[in-house]
Amino acid sequence: MTGDPPPSSPHDPGAEHALRIERRWASVAVLIVIFLIVMAAVAGVHQATMPQLKLELVDPRTLHVSGEFIESNLGTAVEPDGSVTVRAIGQQYSFVPQCIVVPTDTVVHFRATSGDVVHGFLIDGTNLNTMLIPGFISTATARFSTPIESHMPCHEYCGVGHEGMWGKVKVIDKAAFEKLAADRRRLTCVD
Amino acid sequence: MLINKRLILAHFWLAFAGFGLALLLGEWQMFIRSPLHAWIGNPELYYRSVTAHGSAMAYVFPTLVAMGFGYAITEAALKRPMIGPRWAWLGFALVAIGTVVAMVPVALGHASVLYTFYPPMIGSPFYYIGVVIVVIGSWIWVALMSVNLYAWKRDNPGQPVPLAMFSNVAGSYLWAWTAVGAAIELIFLILPAALGFTTTIDAGLSRVFFSWTLHAIVYFWLFPTYIAYYTIVPRAIGGRLYSDAMGRLAFILFLIVSMPIGVHHLFMDPEVGSGFKFMHSVFTAFVALPTLLTVFTICASVEIAARLRGGKGALGWITALPWRNPIMLATAFSFIMLGFGGAGGLINMSYQLDSTIHNTQWITGHFHLIFGGAIVIMYFAIAYDLWPHLTGRALASFGLMRLQLATWFVGMMVLTFPWHWVGILGMPRRMAFYDYTDPALAAQAASVIASVIGGAILVISGALFIIVLIRGQLAPRVDAGPYRFSVAVHEPRRVPAALNGFPLWLALMIGLTVVNYGFPIANLAALSNTAVPIVPVGTGR
Amino acid sequence: MSDETAALSPRDKWFRASVAITAGIAIVAAAVGFIWLPPFQAGARFQGVWNAICQAAGLAQPAPTAAEVVTAGYKTTGVVFTPGMFQGAGAESVGRGATLALRCTMCHGARGMSQANSPNLAGQYAAVVYKELRDYKSGARTSAIMQPLVVGLSDQDMRDLAAYYDYLPRPPAYHPASAGPPPEIVVSGATMRNIPPCAACHGGLDNKTGSPWLDGQPAPYIKAQLEAFKNGTRRNDISEQMRNVARNMTPDEIDAAARYYSSQPP
């Protein structure tokens, strides 16, 4: 829209100067990038949270017939080592169990998969967030310090009923959980 | 020297027409699921609209802008008629036909699978075929860019390729390779299922192929914007480009590191190993490098313009800039949005921070800010800059242009900041309805209303943009003179072969993609028992 | 050597620098991602470097073996849907089904249209009829009337019956405008109670394999089934799909849905 100023000579000593400044800036940029990567690696070391370790397969057609995802085996199980394992599935348009109950101050392992399409698994107010892909088992580990009651919406478009796919998570006091677990092998908070 | 003006105008008009319609759909979506509107009682209409909005904005609009701008650059930068205008018209026709073929089933509700496809959901085959036709049309453009570059190089041995053409061809190669991931997904996985040849699909493998395209496509959208930063902005504001070589380097870096980073979209997915997730995370960090280099070079170029205009002081020169010039204004807005959007992107790139916001409204806010904001506002600037040269008529509504750019900027900020915020609060994306009466969601209502207002401002801005262009078509004839690009402070007499051509960079681009994607793809493809039943969409009415 | 390929020579400094830097980054990133991070992540479960590399690469691992599986104290459905399992059922199958269906006319009507508050079967999806027959036979779904009738049916018999009813013309949907708009539970559900729209699976918005066509079904039947799902006396839905929905429905919503789907031509 306006014209160029007159060009400077190509052998201007300014050219050398410009190159030096450019190099300096490029080095700063590289350092910024390296800082970010180191931060990501350090966060990994301190186990802020990490991608799941293993790739495990499961047939979404037969989830309800056999294996660890049959309906009677879903929910929260107490493990011999004191941790708990939550098994859950996503399907159009609900999670099973519809309400997940876990104790405070306990290592919680989640194992979940999908029975049909891709779903998302997000516990509001936490960074527990994973995808449920049919054919694969998603795992995540968490530890909750305070009792909360959260929504657990599906966060990936899974069909026209997607907006109705809201589960619940209740983190309850460890002692109260142990009382519940005394006479049931798989716990849910579905009423 | 622009000869095929009608060709270029056709691309821009189709792009902006599609953009205008998709913009209206976007705002409608915002409105009907906000507390301002009662529930429409039909979620399918919402998902249909999201599919149309996404497909038009992601596949059609930026592709046509890149193609039209690419043809303009070819003629203006190489200063000779383009080779193959008939092929270019064929490419245009394919994009137009593909758009119609894809959009009809979407409009009828037979393909509400969203533009990201989401197998094992399978919609009407025509939707996917339409998208493939669009991509094939754009590949004709890729071939033409290459042919024109090499013909020029043959006739001008040893001469530096003008930066505008160099970056334009880099963008076309980026797109050619980027589109391969989704093309494989569509042709070998989705279409056989959509056409009824198979009844199962490998959902995990499909997602890996799509991630190959899904992230790098953003850099394809970004290329016209960066080309404008380097080759239009300094000239338009009366300055000079600080460094020609830095520009080449930035575009080359994009070419290499755009592709092998897409797995960061799959951080939360079970089908890719954690080692590859970390590798992609590292390269995602490196994709910030060309942007940081660009920010420096363009700020320096802008400072040159300011000082030539008598600007003084460490920061005082900023006031000397031609702020009434629409290109200057657009660039400043674009940089601000790029800054915020880039900061958000740095959060998305690490697994740990991403886990808080993955697939929430944060993500929607993020890519609207980067693409809809930083990138598209420069598309407007490109159109304003080129229009008099294409129409042979004056584009004189400077006040309107400034208003349009300012409203776009404000609208985008008001739209996306609350969007990011509700994402942090845990609002999942792409839901047709939110029940704001629920105590846990009530706090999000105010932010959602703010976003709707932002969207309304964007609709007004979009309308202003179309008005400015139409007025430009009706204005009195003028001679706009030859179309020129920025001149560097130190114009290159010779550049190293490496910075004047692509073989090395294409080899690195493909090589690095193979390193980062080869094993995850081969691993999943080799698993025999990962195909899952398809779930047809839109069949039960 | 041409200008074009000059940069592809290993002697070119750009070639050497760019390849070295790219490879260097990739190698360092891989070393961190595959070797350095996994032990921190696996903690006590770390089983050596080679195993860690295989896991980080995403090689499929066997599921943990020791985990006990709690089985249900009741029968659940054993039907596995595979896409297209009822496609191409020929006229022969329909004919056999028609003969077998003679035993069903008492309750389900001569042409699959019930006069007795039993479900209409005309035009019902083959997958639905087949699944329910299988579930009656296995005991996953209980009915004093149906169970004795299906006990002698072979798998092929059930497929033939399904093909026959699928083949019969479906009664036209009849929802008189005078009855007002469809109830909210049908078109919108109740999202925060995890009730998606009925129409998302049962036709209207979309259909999910295994979900029956409900238009024209008798209201008492629909209501009874929703109540049975709600109180857990019917449990043959795959992975609690319908129990999850019905559990959270109010009696009024159950009535409204049953009334809407049953609207009959006068």
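I need a count of the residues in region A:37-60 that are more than 9 Å from chain C (Cβ to nearest Cβ), under 13 Å from B:Ser350 (Cα atoms) and surrounded by 19 or more Cβ atoms within 10 Å (Cβ to Cβ).
2
How many residues does region B:108-134 hold that are open to solvent by less than 20 Å² (accessible area, probe 1.4 Å), in a helix (DSSP H, G or I) and β-branched (Val, Ile, Thr)?
Total satisfying the criteria: 2.
Are there any pairs, at least 6 apart or on different chains, whose C-beta atoms fall under 7 Å, with the first in region B:27-42 and in contact (Cβ under 8 Å) with a residue 12 or more places away in the chain and over 18 Å from B:Ala446 (Cβ atoms) and the second outside any helix (DSSP H, G or I) and hydrophobic (A, V, I, L, M, F, W, C), and if so, which?
As it stands, the answer is B:Trp39/B:Phe433, since those pairs meet every condition given.
Give the number of residues within region C:88-113 that are among the polar types (S, T, N, Q) and open to solvent by less than 20 Å² (accessible area, probe 1.4 Å). I'd like the intermediate steps shown before the answer.
We begin by selecting, within region C:88-113, every residue among the polar types (S, T, N, Q); these are C:93, C:99, C:105.
Filter once more, so that each one left must be open to solvent by less than 20 Å² (accessible area, probe 1.4 Å): C:93.
The number of residues fulfilling the criteria is 1.
If we keep just the residues of region B:492-506 that are more than 7 Å from every other protein chain (Cβ to nearest Cβ) and part of a helix (DSSP H, G or I), which is surrounded by the fewest Cβ atoms within 10 Å (Cβ to Cβ)? Full working, then the answer.
Initially, region B:492-506 is screened for residues more than 7 Å from every other protein chain (Cβ to nearest Cβ), giving B:492, B:494-495, B:499, B:502, B:505-506.
Going one step further and asking which of them are part of a helix (DSSP H, G or I), we end up with B:499, B:505-506.
Numbers: B:Leu499: 23, B:Trp505: 24, B:Leu506: 18.
Out of the qualifying residues, it is B:Leu506.
Given the structure, is B:Ala76 open to solvent by less than 10 Å² (accessible area, probe 1.4 Å) and touching a residue at least 40 places away in the same chain (Cβ under 8 Å)?
Working: open to solvent by less than 10 Å² (accessible area, probe 1.4 Å): yes; touching a residue at least 40 places away in the same chain (Cβ under 8 Å): yes.
Criteria met by B:Ala76.
Looking at region A:149-164, which of its residues are acidic (Asp, Glu) and within 10 Å of chain C (Cβ to nearest Cβ)?
Applying the first criterion (acidic (Asp, Glu)) to region A:149-164 yields A:149, A:156, A:163.
Answer for region A:149-164, where residues must be acidic (Asp, Glu) and within 10 Å of chain C (Cβ to nearest Cβ): just A:Glu163.
Per-residue answers, yes or no, for (1) in contact with a helix residue (DSSP H, G or I) (Cβ under 9 Å, 6 or more places away or on another chain); (2) outside any loop (DSSP other than H, G, I, E, B); (3) farther than 14 Å from C:Ala256 by Cα; (4) more than 8 Å from chain B (Cβ to nearest Cβ):
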residue: C:Asp166; (1), (2), (3), (4): yes, yes, yes, yes
residue: C:Pro169; (1), (2), (3), (4): no, no, yes, yes
residue: C:Pro172; (1), (2), (3), (4): no, no, yes, yes
residue: C:His175; (1), (2), (3), (4): yes, no, no, yes
residue: C:Ser178; (1), (2), (3), (4): no, yes, yes, yes
residue: C:Ile185; (1), (2), (3), (4): yes, yes, no, yes
residue: C:Met192; (1), (2), (3), (4): yes, yes, yes, no
residue: C:Leu205; (1), (2), (3), (4): yes, no, yes, no
residue: C:Thr209; (1), (2), (3), (4): yes, no, yes, no
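Residue-wise test of (1) within 14 Å of the chain's Cα centre (by Cα); (2) surrounded by 24 or more Cβ atoms within 10 Å (Cβ to Cβ); (3) away from chain C (no Cβ under 13 Å).
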{"site": "A:Ile89", "(1), (2), (3)": "no, yes, no"}
{"site": "A:Gln92", "(1), (2), (3)": "no, yes, no"}
{"site": "A:Cys99", "(1), (2), (3)": "no, no, no"}
{"site": "A:Thr126", "(1), (2), (3)": "yes, no, yes"}
{"site": "A:Gly135", "(1), (2), (3)": "no, yes, no"}
{"site": "A:Pro147", "(1), (2), (3)": "no, no, yes"}
{"site": "A:Trp166", "(1), (2), (3)": "no, yes, no"}
{"site": "A:Ala175", "(1), (2), (3)": "no, no, yes"}
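Residues that are over 16 Å from B:Gly275 (Cα atoms) and modelled with pLDDT of 90 or more: find the helices (runs of 4 or more DSSP H) completely inside region C:1-57 holding 3 or more of those.
Numbers: elements: C:3-6, C:13-31, C:37-42, C:49-57.
Here the list reads C:13-31.
Can you name the number of the only condition in (1) open to solvent by less than 10 Å² (accessible area, probe 1.4 Å); (2) at pLDDT below 95 that B:Pro157 fails?
(1)
Filter region B:513-523 down to the residues that are buried (at least 22 other Cβ atoms within 10 Å of the Cβ) and within 8 Å of chain C (Cβ to nearest Cβ) and list them by number.
B:Asn516, B:Pro520
Any idea which of (1) facing chain C (nearest Cβ under 8 Å); (2) within 18 Å of the chain's Cα centre (by Cα) is the one A:Leu63 doesn't satisfy?
The single condition A:Leu63 does not satisfy is (2).
Please go through region A:101-124 and give me each residue that is open to solvent by 10 Å² or more (accessible area, probe 1.4 Å) and within 11 Å of chain B (Cβ to nearest Cβ), ordered by number.
A:Arg111, A:Gly115, A:Asp116, A:Asp124
Between a first residue in region B:350-361 that is more than 7 Å from chain A (Cβ to nearest Cβ) and a second residue that is part of a helix (DSSP H, G or I) and of a type in the set (Phe, Trp, Tyr), which pairs have beta carbons less than 7 Å apart while being 6 or more apart in sequence or on different chains?
Going by the 7 Å Cβ cut-off, the qualifying pairs are B:Gln361/B:Trp419.
For C:Gly180, are the conditions met, namely being farther than 17 Å from C:Cys104 by Cα and under 20 Å from the mean Cα position of the chain (by Cα)?
Details: farther than 17 Å from C:Cys104 by Cα: yes; under 20 Å from the mean Cα position of the chain (by Cα): no.
So C:Gly180 does not fit the description; no.
Within region C:219-258, how many residues are in a helix (DSSP H, G or I) and touching a residue at least 60 places away in the same chain (Cβ under 8 Å)? Spell out how you get there, then give the answer.
Of the residues in region C:219-258, the ones in a helix (DSSP H, G or I) are C:219-231, C:238-247, C:251-258.
With the extra rule that they be touching a residue at least 60 places away in the same chain (Cβ under 8 Å), the set shrinks to C:220-221, C:238, C:253, C:256-257.
Total satisfying the criteria: 6.
Tell me, which residue of region B:364-399 that is surrounded by 24 or more Cβ atoms within 10 Å (Cβ to Cβ) and hydroxyl-bearing (Ser, Thr, Tyr) is farthest from the chain's Cα centre (by Cα)?
Restricting to residues being surrounded by 24 or more Cβ atoms within 10 Å (Cβ to Cβ) and hydroxyl-bearing (Ser, Thr, Tyr), the top hit is B:Tyr384.
So B:Ile470 ticks every box in (1) more than 26 Å from the chain's Cα centre (by Cα); (2) modelled with pLDDT of 90 or more; (3) surrounded by fewer than 16 Cβ atoms within 10 Å (Cβ to Cβ) but one. Which box is left unticked?
That leaves (1) as the condition not met.
Mind listing just one residue for me: the one in region C:69-87 that is open to solvent by 80 Å² or more (accessible area, probe 1.4 Å) and either modelled with pLDDT under 85 or closer than 23 Å to A:Arg61 by Cβ (or both) and, of those, nearest to the other protein chains (Cβ to nearest Cβ)? Step through it out loud before you land on a result.
First, the residues of region C:69-87 that are open to solvent by 80 Å² or more (accessible area, probe 1.4 Å): C:71, C:73, C:75, C:87.
Narrowing the set further to residues that are either modelled with pLDDT under 85 or closer than 23 Å to A:Arg61 by Cβ (or both) leaves C:71, C:75, C:87.
Details: C:Thr71: 6, C:Lys75: 11, C:Gln87: 9 Å.
Only one residue tops the list, namely C:Thr71.
Which ranges mark the helices (runs of 4 or more DSSP H) fully within region B:326-419 that have 2 or more residues being more than 30 Å from B:Lys277 (Cα to Cα)?
On the way: elements: B:326-348, B:351-357, B:361-367, B:376-391.
It comes to B:326-348, B:376-391.
Suppose the filter is part of a loop (DSSP other than H, G, I, E, B), under 23 Å from the mean Cα position of the chain (by Cα) and not aromatic (Phe, Trp, Tyr); does C:Gly216 pass it?
Yes: the conditions hold for C:Gly216.
The values are calculated or read from the model by the stated rules, or taken from the named source; none is laboratory data. All of these numbers come straight from a predicted model, not from anything done at the bench. Cβ atoms come from the backbone with ideal geometry, glycine included; neighbour counts cover every protein chain shown. Side chains included, ligands, DNA and RNA excluded: accessible areas come from the protein's heavy atoms. Shrake-Rupley method; radii C 1.70, N 1.55, O 1.52, S 1.80 Å.
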